[in-house]
Every structure is written in structure tokens, then in C-alpha cells.
Amino acid sequence: MNWGTPPWTIDFVPERRALPAEADCVVVGGGFSGLAAAAWLRLVDPERSVVLLEAATIGAGASGRTGGLVLAESASGDLDGAGDVISTYLETLAKLGADGNLELPGVYEIGRERGRRDSPIVWDDSGTLRVIKEVPGGTVDPGKIVSGLARAAQRLGAVLLENTRVEAVEFRAPVVVHTTDGTVRAGKVLLATNAQSAALSAVDECSRAKFTLAVLTEPLSDADLSSLGVSSGKGFYTADLPYLWGRPMPDGSVMFGSGLVDIGGDADLDALDIDQGVAAGLFASLERRVRGLHSALATVKFIRRWGGPIRFGSTWQLFFDHHPRSREMVVLNGLGGDGVSYSVYLGRWAAEVMAGRRDLPEWGKIPANS
Ligand SMILES: Cc1cc2nc3c(=O)[nH]c(=O)nc-3n(C[C@H](O)[C@H](O)[C@H](O)COP(=O)(O)OP(=O)(O)OC[C@H]3O[C@@H](n4cnc5c(N)ncnc54)[C@H](O)[C@@H]3O)c2cc1C
């Protein structure tokens, strides 16, 4: 596996602990969703024991590799009962003490049609890309958010275990969770594995995994950032296709992302090498596109290339439901390229469901035949 190296640092290593034989709640997956859920569970219900199982290392999936654009809306549109996602995201991070250089200056929606005459962005990309409007949102440092959430979960008393892959589950009460490191019996289980282990979450038939790509330019001069129209620090994403998103970074480099590699299953992700095959071709085409956007980028050097796994429901829906085979298990899945704020927001909601304080929504149902 070679997924490249993102520009973020995760400076959290969990305390060494043995897998307990029993736990009130087991959370599977150490990304934003699982970490927020584990920390929030301990915050709202400190009597319950919580164990988080991560197959690789904390943040090894999309969460430690994301672009970190914070968006108010998901691709699924407005979700009933979801309320104000960004303010709940902010409140959750604040209550957990997870600081991640959050800035909320707004985000540019850009496109080839309906662009504003006074658009600060005027780029050449299958037509002229201009700012259409500004939407609420901003940017975070995802490495700091992952580390902050993990630290909060551990500080509040959750046991976090890395290199502990869940391989199978017996759908009983208590649920029997089989891992590469032994077995744990759990009163409640949250499956927050998103792109991977889809069969475990019963979403393999109704969703698809993709590997999505990002690149980082060398730092640009203030004059170049200004002529590109990104000196305000606002991130951007296209409302039309071909898709492009990105954000300026504090050191003057600019991140751009686009491109999806089809993933058939976990084995494809394990074998994926960004320097080979489809991924290598998509990186070359993304870099060509970026150099063609504006004269300030014509000869720019790229200092990083990386990617990570995401999952889309087959009609772009999120899955937030009981597991079809167990009322004691909750599945949170289908977070695509817009899951930075949603993962934490829904992780908190999942914790409240597991603590018996909130119901699951109507919109997250896993199709009955899954
Ligand atoms: C390159 C890239 C750029 C992105 N940019 C943005 C952006 O700018 N804005 C935005 O909103 N979203 C963005 N996203 C999407 C966002 O990062 C994801 O939606 C979000 O991080 C999903 O979080 P998660 O915790 O649900 O999943 P993940 O972070 O993928 O976590 C799942 C975890 O489960 C673990 N796991 C899997 N199977 C098992 C198992 N059997 N046992 C134990 N553990 C298991 C994995 O190792 C992984 O750590 C981007 C994604 C990528 C890849």
C-alpha cells in the first residue's frame, strides 16, 4: 500500500492497553466518526466502559488524509433533524477540547456558469471558473482534530487500541466482536469504518468505495496568491463538473483535489499504489489541470501527492441506522468527500443513540435487502 503522505501530523499514540474481555460499548474505526463517538459517549455517560478498535493507526483512513474543508451541507443535501451542523461541530470540538486551527471565513462555491462579475477567482478549466457564491464553512488542520479527539477520548476514559482489526461479529446480545487480537463482548457496537469493511456494516450492496486524490503546491508568493484570488484564505469547490476543490495553506502553498479511483473491496485499497496504474494517471492529469488554471501556476512544483478512501451511498445517501441483523449495533457509513464536519457531528449523535438519549434519524436507513 502506498497512499502518499498528507501534510498533516497526528501526534497521538494511545497508551498500551490489553483488549478487555467485555465492554459496555465498542466503537469500530478510529477516524473522526469513531473518535468523536467514543469521546462523546464517555462525556455524556461516564459510567459506561468504551473500547475503540482501529485496524491500523488512529486517523489512518480518510480522516488523517482529508483536505480539511469544513462544509455545512453534505452531498445528501439537508438532513431532517440535523440542525446546524457547523455550530454543533464547533460546540463538540470545544466541549472535547479538540483544537484544530479552525477558521470559518466561508468557502467559495465556484463554477463555469453563473459566476460573479467581481469574482476574485478567474481560472481556466473546461471553461472559466469563477466564484458563484460564498457558503458557510472554512478549514481545519485534520491532524490536530484527529489527535485532539483521540486525546479527549483517552482522557475521558475510553480504551483506544490500534492494530486491532475487527474480523467478524456474532449478532447476539451481548454482541461478540472477533478481532485480530482476541474477542470482546459488547453491550452496544458502533461500526464507523466508512470506506473499508463494508460487508461488516451490511452496506456492501448499496454503496461504493473510492480512493480520492489531492496534491499540494510549493509555497507561492503573496502576489501569486492574490492574482489567483485565494489570499483571503477561503477554500473552494466546484458546483459543476469536472470537479475541483482546494484550499490555501498557512505557508502559502495551495492544496487541490480531484479524481476518484474505483475500489472493488478492501484488497484493492491494500494494493493501491499512487505511483502506479489509474491513480498515477489521475495525479498526472490533476497536476496538468492545476498548471493550466492560471499563469501564476504554469510552472508550479508539487511537493506532495496523496489520497485516501471514502464511500458513497449508491444514491449519495448517508447510512445511519441499526445494523440489519442487530438492534445493539449502529452503522455510521457513506461519508464521502464532504465528511469533515458531518463525521464528528454524526459521531456525537451515534454516541447519544448508544447512551439511549436520542433516536436514530429516518433518513439514514440501510436498504432492507442488504
Ligand atoms: C483526500 C481526501 C480529501 C478530503 N477532503 C475533504 C474536505 O476537504 N472536506 C470534507 O468535508 N471531507 C473531505 N474528505 C472526506 C472526509 O475526510 C471523510 O468523509 C471523513 O474523514 C470520514 O471519517 P470517518 O471517521 O467516517 O472514516 P475514516 O476516517 O476513513 O475512518 C474509518 C477507520 O476505520 C478503520 N477500519 C476499517 N475497517 C476496520 C475494521 N474492520 N476494524 C477496525 N477498524 C477498521 C480504518 O482503518 C479507518 O481508520 C476527504 C477525503 C479524502 C480521502
Phi angles of segment 182-194, converted by Karplus (6.51 cos²θ - 1.76 cosθ + 1.60, θ = phi - 60°) into ³J(HN,Hα) in whole Hz with x for Gly and Pro, give x, 10, 10, 9, 10, x, 9, 9, 10, 9, 10, 9, 6
When the chain is treated as a Gaussian network with springs between alpha carbons less than 10 Å apart, the largest mean-square fluctuation among Thr66, Thr238, Thr212 is found at Thr238
Expressed in angstrom and rounded, the centroid-to-centroid distance over alpha carbons for segment 324-370 and segment 1-58 is 17
Taking placed amide H atoms and a strict 5 Å upper bound, the residues 5 or more places from Arg165 or on another chain that come that close are Thr180, Asp181
Any lysines whose Cα falls less than 30 Å from that of Lys301, other than same-chain ones fewer than 8 residues away, would be Lys133, Lys144, Lys210, Lys234
Checking rank on 318-326, 100-108, 29-37, with mean other Cβ inside 10 Å and highest first, the result is 29-37, 318-326, 100-108
The ³J(HN,Hα) series, computed from each phi in segment 271-278 with the Karplus coefficients 6.51, -1.76 and 1.60 at θ = phi - 60°, rounded to the nearest Hz and given as x for glycine or proline, is 8, 5, 10, 5, 8, 10, x, 4
Expected sort for 344-350, 215-221 on mean C-beta neighbours within 10 Å, highest first, is 344-350, 215-221
To the nearest 20 debye, the chain has a Cα-centred charge dipole, built from +1 on Lys and Arg Cβ and -1 on Asp and Glu Cβ, of 160
Residue by residue through segment 110-125, the couplings from Karplus 6.51 cos²θ - 1.76 cosθ + 1.60 with θ = phi - 60°, in Hz, x for Gly and Pro, are 10, x, 8, 10, 6, x, 6, 4, 8, 4, x, 9, 9, 10, 9, 7
Note to self, the chain gives a 222 nm [θ] from helices alone (DSSP H runs n ≥ 4, -39500 (n - 2.57) apiece, / all residues, nearest 500) of -7000 deg cm²/dmol
The distance between the Cα centres of segment 267-322 and segment 107-151, in whole Å, is 17
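Laboratory data are not the source of any read-out in this text; all were calculated from the coordinates shown. Just so we're clear, the structure is a prediction, and the values are computed from it rather than from any experiment. When we count neighbours, we look across all protein chains shown, and the Cβ atoms used for this are built from the backbone with ideal geometry, even at glycine.
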